[in-house]
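One structure below.
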Amino acid sequence: MLSTFLQFAYLQVLDLLSTIAFLMGGTREGNPLVEWAMRLTGTALGGLVLVKGIALGIGLFCVFTRRASLMTKINVVYAGVVVWNLSSIILTMSMRG
């Protein structure tokens, strides 16, 4: 279960970094919850850190309640999110020439 949580935490970091990269490249945030957190904190980084902190808390809850199957499914979703972010970065850069 610990390794599943560590994968989850790693994916959260990758999502944070890739989101920062695509925001710096001019792509808008597509997640309304993250957008709200960014407005709440006043900065993109602050909003992302807030949301990632909440996500890690939920991940720890899954660890303590032994929901390994749920964590595995969430990891698959976040891996897809990271791929989406990286694809957005690549597309944005390729359209700029």
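Derivation of every value follows stated rules applied to the coordinates shown; laboratory data play no part. Everything quoted here is computed from the prediction, not taken from an experiment. Note that each Cβ is placed from the backbone with ideal geometry, even for glycine, and that neighbours are counted across all protein chains shown.
Select from 33, 44, 64 the residue farthest towards the positive end of the dipole of the chain; place +1 on Cβ of Lys and Arg, -1 on Cβ of Asp and Glu, and compute about the Cα centre.
The Cα lying farthest towards the positive end belongs to 64.
In whole Å, what are the Cα extents of the chain along the three principal axes, biggest one first?
47, 28, 17
Give the calculated FRET efficiency between residue 83 and residue 63 to the nearest 0.05, with a Förster radius of 22 Å applied to their Cβ-Cβ distance.
0.35
Could you list the residues of the stretch 1-44 with an amide nitrogen less than 12 Å from a label point located 7 Å from the Cα of residue 72 in the Cα-to-C-beta direction?
Output list for this probe position: 1, 4.
Which angle between 0 and 90 degrees, to the nearest 10, do you get for helix 32-41 versus the longest principal axis of the chain when only C-alpha atoms count?
80 degrees
With the crude spin-label approximation of a point 7 Å out along Cα→Cβ, what separation in nm comes out for residue 49 versus residue 3?
Distance between label points: 3.2 nm.
Quick one: 3J(HN,Hα) in Hz for the stretch 51-61, Karplus 6.51/-1.76/1.60 with θ = phi - 60°, rounded, Gly and Pro as x.
3J(HN,Hα) across the stretch 51-61, in whole Hz: 5, 5, x, 5, 4, 5, x, 5, x, 5, 4.
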